[in-house]
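The block underneath contains the structure these notes are about, expressed in structure tokens.
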Amino acid sequence: MVKIQIEKIYLDEKAKNDWMTKRILEALPQVPIEEVRDKKELIQRYHLFPDPLSLGKRRLFITHFLGRRLKPCPGTSNHICCGYYVINAVTNCPMDCSYCVLQEYLNNPFITVYSNLEDLLYEIDEFISKVPNHFIRLGTGELSDSLALEQIIPISQILIPFFEKKEGVFLELKTKSSEIDGILHLKHSRKTIVSWSLNPPNLINNEEIGTASFEERIFAAKKCQDAGYPLGFHFDPIIEYEGWQEEYKETINTLFRHIDFRRVIWISLGGFRYPPRLKPISEQRFPKTKIFLGELFPGKDGKFRYLRDIRIELYKKMVGWLREIDPKLFIYLCMESKEVWEKVFGWAPENSLHLNKMFINRIKDFLR
């Protein structure tokens, strides 16, 4: 179970009267509040601390977001992307994974919730109305965990009923938490997919600090499966280390001893990759981390990755173990080149549009 330790709330004066703000303050009645007029001054002040990232995970900033919060997944250049759209309702999360790219990406160290949720729902509606033929996939798990904060910021409990009424539009919630009690009773009509990021317990315990344990994630997934939700699983990042084969194989076998593979809509595989600036930040914050010890070199997109032959071996092994469970599992590679797809599967999507069409067909088949 993820333990949320919010020690202070910063409240933008523009957000004071929002119903989401009131809901959060009711959930955290003992937490001191400081009203804020100047966001930039607050952020600059915190960057003077020795480790603003760790401190920021215990500070909640409630404010408005006035730009667009629904965007295409950034993907990565020269690689195949699946056509996913990202909903940015919250940035940052209480978890602290050594490999998390948000350490390098976010300028704002706080867990930040945008309380003008009505504007976001309007933006989503407007977007849906302009996309022909629908079958759009959207999700909240890009800049924050989708469910870790649900007990105090119930955004998923609002989005699930919202998407339940939409035709051909699907929400994916990606999480490393076990905070699912608030969504089990909701009517969803299988329009929401609940997905878990998975790694072997050894990696979860050492590199995914503050997340739910492997057993807690599987138990939560089973409860969501029993509540009728389609499930997804993301083995991403896959990390190479001594004994990885035995541990990943056992992770897959344990998963499907508890989960019905027929109720799994998709599984993604992604090798460990990171932008150059992440390594010094992570090594300073996590001096015992071992994730950078492999043969990692700059790729076409500028990110450090395992050598191509290593990635192919990782993926082939994972696909083989998954196919032993069910040859028909829908498995895809996240942010990989066409050449790697061909080596792993013997074929490759022609481009990102082709992969997106495969997702549409998978959804149609799954819902029949």
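The values are calculated or read from the model by the stated rules, or taken from the named source; none is laboratory data. Just so it is clear, the model here is predicted, and its values are computed rather than measured. Please note: Cβ atoms are built from the backbone with ideal geometry, for glycine as well, and neighbour counts cover all protein chains shown.
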Over segment 17-38, the set of residues without any contact (Cβ under 8 Å) to a residue 40 or more places away in the chain and among the basic types (Lys, Arg) is LYS22, ARG37
So, first residue within 10 Å of SER282 (Cα to Cα) in segment 92-116, second residue buried (at least 21 other Cβ atoms within 10 Å of the Cβ) and of a type in the set (Gly, Ala, Ser), Cβ within less than 6 Å, six or more apart or across chains; the pairs are SER98/SER282
Given (1) without any contact (Cβ under 8 Å) to a residue 40 or more places away in the chain; (2) out of contact with any helix residue (DSSP H, G or I) (no Cβ under 8 Å at 6 or more places or on another chain), LEU186 misses just (2)
Being within 23 Å of THR140 (Cβ to Cβ), in contact with a helix residue (DSSP H, G or I) (Cβ under 9 Å, 6 or more places away or on another chain) and of a type outside the set (S, T, N, Q) narrows LEU55, LEU25, LEU66 down to just LEU66
So, first residue at negative phi in segment 240-263, second residue outside any helix (DSSP H, G or I) and among the basic types (Lys, Arg), Cβ within less than 7 Å, six or more apart or across chains; the pairs are TYR241/LYS290
Inside segment 204-228, the number of residues satisfying the requirement of being without any contact (Cβ under 8 Å) to a residue 40 or more places away in the chain and within 27 Å of PRO287 (Cα to Cα) is 4
Regarding SER115, is this residue within 23 Å of LYS39 (Cβ to Cβ), modelled with pLDDT of 95 or more and under 21 Å from the mean Cα position of the chain (by Cα)? yes
Condition test on LEU278, is it under 29 Å from ARG257 (Cβ atoms), among the hydrophobic types (A, V, I, L, M, F, W, C) and surrounded by 12 or more Cβ atoms within 10 Å (Cβ to Cβ)?
no
When segment 35-94 is checked residue by residue, the ones that are among the β-branched types (Val, Ile, Thr), under 20 Å from the mean Cα position of the chain (by Cα) and within 22 Å of LEU149 (Cβ to Cβ) are VAL86, ILE87, VAL90, THR91
Here the qualifying pairs (Cβ atoms under 7 Å; residues six or more apart or on different chains; first in segment 305-317 and free of Cβ contacts under 8 Å to residues at least 24 places away in the same chain; second not basic (Lys, Arg)) come out as LEU307/GLU295; LEU307/PHE297
Taking segment 1-22 and keeping residues out of contact with any helix residue (DSSP H, G or I) (no Cβ under 9 Å at 6 or more places or on another chain), of a type in the set (A, V, I, L, M) and either surrounded by fewer than 11 Cβ atoms within 10 Å (Cβ to Cβ) or assigned to a helix (DSSP H, G or I) (or both) leaves none
If we ask which residues in segment 344-363 are surrounded by fewer than 18 Cβ atoms within 10 Å (Cβ to Cβ) and either over 18 Å from GLY168 (Cβ atoms) or free of Cβ contacts under 8 Å to residues at least 60 places away in the same chain (or both), their number turns out to be 10
Note on segment 318-343: residues free of Cβ contacts under 8 Å to residues at least 24 places away in the same chain, more than 25 Å from the chain's Cα centre (by Cα) and surrounded by fewer than 12 Cβ atoms within 10 Å (Cβ to Cβ) are PRO327
CYS93 meets each of (1) surrounded by fewer than 19 Cβ atoms within 10 Å (Cβ to Cβ); (2) out of contact with any strand residue (DSSP E or B) (no Cβ under 6 Å at 6 or more places or on another chain); (3) among the hydrophobic types (A, V, I, L, M, F, W, C) with one exception, condition (1)
Heads up, the strands (runs of 3 or more DSSP E) in segment 64-126 (entirely inside) with at least 2 residues that are under 27 Å from GLY210 (Cα atoms) are 85-87, 111-114
Within segment 356-367, does at least one residue satisfy the condition of being in contact with a strand residue (DSSP E or B) (Cβ under 6 Å, 6 or more places away or on another chain) and closer than 18 Å to ASP236 by Cβ?
no
Residue hits (segment 314-362; farther than 19 Å from PHE261 by Cβ and part of a loop (DSSP other than H, G, I, E, B)) are CYS334, MET335, SER337, GLY346, TRP347, ALA348, PRO349, GLU350, ASN351
